[in-house]
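Step one of this worksheet: look at the structure below.
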Amino acid sequence: MADGEAPYASIGTDLFARAMQCFAPYESEPKVAVGVSGGPDSMALLLLLDAWARSRGGSVLALTVDHGLRADSAEEARQVAAWAHARGIANETLSWVGDKPASAIQSAARDARYALLAQACAAHGILNLAVAHHADDQAETVLFRRDRDSGQAGLAGMPASRSLGAVRLIRPLLGWSKPALIATCNAHGQRFIDDPSNRSGRFARTELRRRLADETGQRAALLGEAATAAGRRAESDAALARLLGRIAEIRPYGVVMLDRSGWADAEVELRRAALAASLRCVGGGAYAPDRDAILRLESRLLDDGFAGVSLGGCIVRGWRDGILFCREPKRAAPPVVLADGQWRRWDNRFLLRIDQGFRQEKPVTVGVLGARSYAALKRGMDINLPSIVGTGLPAVRSGDRLIAVPSVGWAESGDRTVEQRYLPLWSLSSETFTVVYAGPDIMSA
């Protein structure tokens, strides 16, 4: 544990309220979730959001993800829960279970964290999830992307808000540096956890922090660069949303269709952005394929002889008069167990739950339907889907027995025992809407 010292002023409630106003409107009694690791950043955010929500008749829910990557992670999660409890703040610990990858561990942990947080918010009917990224994080992000020549979109850094399935992710602290957050914890008498991975030389971010600390003035220059690039990105995002509104169709069985002629006639950069957005939405990855891969796909799509390609966890092919993006079945997530009456996310795209009280002798899971099962299903039903789409549909099984394929309205019992919603973790276009109702039948305007 560390108390920390910083010659910075703490963040006042009025200033923080102004930052939160940027994400308005909210419910009349706002309920906000906060991703809390126990470090000074997230603890400061928890304190500020708790005061903000209480003053409006609302509340916060502290969500802590235990990745199980360090020996102390479980104890740290318990400490966060104790701190939250002492302040009368509801808390829940989420565990990342299953095998962990041997490489790219931070990327995998980030994806797992966001998936768990989004699931928890959906389960509690919470619209907004706040995370504690701050100005220093933003500067590191811009430097990291500049080193990798990621283009203007990358140089805009992290957006202040974005969609995360049925939840809106917000970053209220991007205007403050880490010392101000430490000062805020100190002003409230709040201890915090000093994460040793922040000082370790194991991860690339650590080197970026050293560079920013050693080069006076670079942080301010990077943030200015990010603000300029963000303005350009907002303009591009708006243009992309207009294009997608004309040429794109999202279908509830998990595919995106682009009108081929409308796509081909679009401005070249928007044409490429539409491909990247479609791949990310359908593939469920944190990032779209790199620019070179997008350029190769564009070139092949403009060729009359295009037969199809696998990219970004998707199959891209022509279908009727459009360009079809569907999940590559062999790249889909492994089966997950459907708990009694609980919504579960599968493959970063679907939410499913079985009726409360529905009983089976063996565990009920959701996974890929598969070619053989789809062929058998198609023989008994009037289904007009490409085989590659049907093969990848979510299938609910009890043990090895198929009991429901909600996408096509089939259930073994004939009853609707499984509910399914198509809610991709990454929206097709950037966030240009306000969530107005949280629940399985999410509505946006």
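Please treat every number below as a calculation from the coordinates, not as lab data. None of the values given here were measured: they were computed from a predicted structure. Counting neighbours? That spans all protein chains shown, and the Cβs are built from the backbone with ideal geometry, glycine included.
Could you estimate the translational diffusion coefficient of the stretch 1-144 from the Stokes-Einstein equation, with Rh from the Kirkwood formula over C-alpha pairs, at 4 °C and 1.567 mPa s, in whole µm²/s? Estimated via Stokes-Einstein, D reaches 79 µm²/s. Across the stretch 314-437, Cα-Cα pairs farther apart than 22 Å form 38% of the total.
Sorted ascending by nearby beta carbons within 10 Å, beginning with the fewest, Arg421, Arg345, Arg372, Arg78 become Arg372, Arg78, Arg421, Arg345. Cβ-to-Cβ counts within 10 Å put Lys378, Lys330, Lys178, Lys31 in ascending order as Lys330, Lys378, Lys31, Lys178, the fewest first. Taking 7 Å steps out from each Cα toward its Cβ at Glu75 and Ala9 produces label points 3.9 nm apart. Largest first, the extents of the alpha carbon coordinates of the stretch 247-329 on the three principal axes equal 27, 27, 21 Å. Using the alpha-carbon positions of the stretch 370-419, Rg (one decimal) and Dmax (whole number) come out as 10.2, 28 Å. First select every other residue whose beta carbon is under 10 angstrom from the beta carbon of Arg353; then total the charges, Lys and Arg +1, Asp and Glu -1. With Lys, Arg at +1 and Asp, Glu at -1, the neighbours total -1. FRET efficiency for Phe306 and Ala371, Cβ-Cβ distance as r, R0 = 30 Å, nearest 0.05? Efficiency at R0 = 30 Å is approximately 0.85. When Met43, Met20, Met158, Met381 are sorted by how many other C-beta atoms sit within 10 angstrom of their C-beta, beginning with the fewest, the order is Met381, Met158, Met20, Met43.
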